[in-house]
């Protein structure tokens, strides 16, 4: 039984059923990062997927742009409790990038420029659930939001959508990434409020 | 990582003191049986429940780093906000809320750390840095501590008297809109020159904790990287927009 707070009536009363429990709506696009914003020139940018066989699949910026580009509209949910509805992104599906990748491992560690990591089950990246996003609202993705390229996994709390992503490494086991080692949940389902470990 | 477990448990908190810090900011000291202390820089979720069961939760940095069952939060009123105006303007001593935490294991300073530290705070971004200043003083740490605190005017500073009296930390005040009479630095945003002046004054390459509104932290972190700080030693916490 919750403790009532005298005099508190609440004000926003957001009743939108697109809002996961404990979230509130924002129109802004807050920025949360553990450190300085890396500035990565697209000339130097590279993305890789590395498998247990030591195989490395690489894409430079032009190679990524040459792939099928998707328009994606999804709600996004930050563990710090803001939810932004109907955000519009452009990017490449992980299905496209994994098309020629052979791996029997079930987990992925995403690595970013700047040293950030986050762990994700492989099945949460496939079947139209995740992208490498390079555009937001029809414009190139700004560096403070993870540009030139970030992961976009809208069905998980947004810290899983690693900014400045540079590669994915196949993992046999689900090992905690950066925020997961710092008190946050290993999986992060917003609808189950999986915020903290 | 955390000093206490069971962060998913909501604990009942009673407001034991409330102090206006600035025209828009207020400190609340909460008594939370079973809290058990927190590290400097951690935060807590605060949950308010209306009589009809409606709930709102927000996360607040903790200004204290004591070992006991009390914690201090300092809240700045967000215009049009749902929770902060209530905490700044309405809640009274004796009222109850619920808290969960302490949370966060990244933006923290531990007294056993000996390297020089540079704290850079903008506005209410001082709160977790205040916990670090207090932990530094309480532990008798000899780690060199420097704080750069950017506020609009002298009236907008949180914990101004305590910071002015604090031992073991050198404070540089940056006033962005209005400086005190006779202040040597004209009012204006924190600039590269301010941070370079610290370098020139012999502040060693330190660990950096920067906290404040997004634009402030973005600018500070960029500037520090540009003047040669190791990005891997700059920790940031940003707020705003929600």
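Quick rundown of the values:
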quantity: Relative contact order, percent, chain A [alpha-carbon distance under 8 Å, six or more residues apart]; calculated: 23
quantity: For region A:1-55, alpha-carbon Rg relative to the globular expectation (2.2 N^0.38 Å, N residues); calculated: 2.16
quantity: Chain B: relative contact order as a whole-number percent, Cα under 8 Å and 6+ apart; calculated: 18
quantity: Peptides A:72-80, A:189-197 ordered by average Cβ neighbours within 10 Å, highest first; calculated: A:72-80, A:189-197
quantity: Percent of alpha-carbon pairs separated by more than 29 Å within chain B; calculated: 27
quantity: Average other protein chain Cβ within 10 Å of Cβ, residues B:75-81; calculated: 1
quantity: Length released on extending from residue A:68 to residue A:42, taking residue separation times 0.36 nm less the Cα-Cα span; calculated: 7.5 nm
quantity: Nearest 10 degrees, 0 to 90: helix B:214-226 Cα axis against chain B principal axis; calculated: 30
quantity: Distance between modelled label sites at residue B:183 and residue B:12, nm, 7 Å Cα→Cβ extension; calculated: 4.5
quantity: Region B:1-101: relative contact order in percent, alpha carbon pairs under 8 Å with at least 6 residues between; calculated: 36
quantity: Packing-based exposure ordering (other Cβ within 10 Å, fewest first) of B:174, A:120, B:126; calculated: B:174, A:120, B:126
quantity: Calculated FRET value between residue B:200 and residue A:87, using beta carbons and R₀ = 45 Å, to 0.05; calculated: 0.55
quantity: Extension reserve of the residue B:92-residue B:230 stretch, reckoned as 0.36 nm per residue once the Cα distance is removed; calculated: 45.2 nm
quantity: Candidates B:187, B:165, B:50, ranked by Gaussian network fluctuation over chain B, Cα under 10 Å, top entry; calculated: B:50
quantity: Neighbour-count ranking [beta-carbon atoms within 10 angstrom, fewest first] of B:72, B:199, B:92; calculated: B:92, B:199, B:72
quantity: Cα-projected label distance for residue A:175 with residue B:54, points at 7 Å along beta-carbon direction, nm; calculated: 4.7
quantity: Exercise: per-residue mean of other protein chain Cβ atoms within 10 Å, A:34-43; calculated: 5
quantity: Paired Rg and Dmax values of region B:74-141, which use every Cα atom, in angstrom; calculated: 15.3, 42
quantity: Most mobile listed residue (B:96, B:42, B:196) in chain B, GNM with C-alpha springs under 10 Å; calculated: B:196
quantity: Sequence ranges B:16-25, B:176-185, ranked by mean other-Cβ count within 10 angstrom, highest first; calculated: B:16-25, B:176-185
quantity: Ranked A:157, B:54, criterion: other C-beta atoms within 10 Å, fewest first; calculated: B:54, A:157
quantity: Computed P(r) (all Cα pairs; the protein assembly as shown; 20 Å bins; percent); calculated: 25, 55, 20, 0
quantity: For B:47-59, mean number of other protein chain Cβ atoms within 10 Å; calculated: 6
quantity: Candidates A:118, A:51, A:134, ranked by Gaussian network fluctuation over chain A, Cα under 10 Å, top entry; calculated: A:51
quantity: Computed [θ] at 222 nm, helices only, for chain B once each DSSP H run of length n ≥ 4 contributes -39500 (n - 2.57); calculated: -5500 deg cm²/dmol
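Any read-out appearing in this document is the output of simple, stated calculations on the displayed coordinates, not a laboratory observation. Since the structure is predicted, the reported quantities are computational estimates derived from the model, not experimental observations. No Cβ is skipped: glycine too gets one built from the backbone with ideal geometry, and neighbour counts run over all protein chains shown.
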